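Below is one structure; the comments refer to it alone.
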Amino acid sequence: MTKLPTTPAFDLTGKRALVTGASSGIGLGCAVALAEAGAHVVCAARRVEPLQNAVTAIKAAGLSAQASPLDQTDLEALAGVFSDPFDVVINSAGLARHAPAVETTPEDYDAVMNINLRSAYFLSAYAARALQDAGRAGSIIHISSQMGHVGGIDRAVYCASKHALEGMVKSMAIEWGKSDIRINTICPTFIRTPLTKVTFDDPERLAWIMDKIKLPRVGEVEDVMGAAVFLASDASAMVTGTSMLIDGGWTAG
């Protein structure tokens, strides 16, 4: 009789996960998705009250989560989070300050790079070191952007940070592969969240977005949640150093 292959598990029962930027938007969606898949999720963010409200809602749904207030640009505080290793880490913290390149201030440049790249770099390193010290496999996932693969109007700084993140992930994947530590990115298009409301409320910007997205709608948080579980689970055991584009066909041409 033919021996059938076994579908790898999407189940995360018994896994310990960290999600940064988890107080709202994509980060909250990722935290819910991992918790629904069975993980215990440590939710981290700077804004304490929204973070506590998010965790309360997750727990009220019968899922396992706890709040961990964190400014991940504080590298000492960030390092302390990894006193014990996490099986899954999703970094959803990010910042955008859009302006024409000739109008970008050094302060805005530094702010975007500090959260989008510097903190992401050291979060990855701390997460990987903790796993290596424990002799454990793990999955590190960064919420990047389609703008890590293309350019965009008034987005030179943001695109620079995300293109750099994509290159960083490829190099780290090469270094950590032999330790069975995977690292990837999720690259969404414009997702409807409180942070993107200003963009969607601008008719000119909305027209530009809808012209670029090939599917007949903008993205929703739910569009990212399945990708988060896939990259966190054994279903993606052979996936590292790459990006999952959830862009409605934006980068297809």
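The figures follow:
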read-out: Ordering of 137-145, 235-243, 87-95 by packing [mean C-beta count within 10 Å, highest first]; value: 137-145, 87-95, 235-243
read-out: Pair E204, L75: separation of 7 Å Cα→Cβ label points (nm); value: 4.0
read-out: Among the listed pairs K162/K212; K59/K162; K162/K197, those beyond 26 Å (Cα-Cα); value: K59/K162
read-out: Cα centroid separation, segment 204-253 to segment 94-161 (Å); value: 17
read-out: Whichever aspartates and glutamates have a C-alpha closer than 14 Å to that of K214, once near sequence neighbours (fewer than 8 apart) are set aside; value: D247
read-out: Integer Hz, Karplus 6.51/-1.76/1.60 couplings in order for segment 219-227, x for Gly and Pro; value: x, 10, 3, 4, 5, 8, 5, x, 4
read-out: Angle between the chain longest axis and helix 203-212 axis [Cα atoms, degrees, rounded to 10]; value: 50
read-out: Crossing angle, helix 25-36 versus the chain [Cα axis fit, 0-90 degrees, rounded to tens]; value: 20
read-out: Coil-residue trypsin sites (Lys or Arg not before Pro) of segment 1-64, DSSP, other Cβ within 10 Å capped at 15; value: K3, R47
read-out: Sum of -39500 (n - 2.57) over DSSP H runs of 4+, divided by residues of the chain (222 nm, nearest 500); value: -12500 deg cm²/dmol
read-out: Protection proxy ranking of 68-80, 32-44 - average other beta-carbon atoms within 10 Å, highest first; value: 32-44, 68-80
read-out: The chain: relative contact order in percent, alpha carbon pairs under 8 Å with at least 6 residues between; value: 20
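The numbers here are math on the coordinates, done by the rules we state, and not lab data. Owing to the predicted nature of the structure, the values given are computational and were not obtained by experimental measurement. Cβ atoms come from the backbone with ideal geometry, glycine included; neighbour counts cover every protein chain shown.
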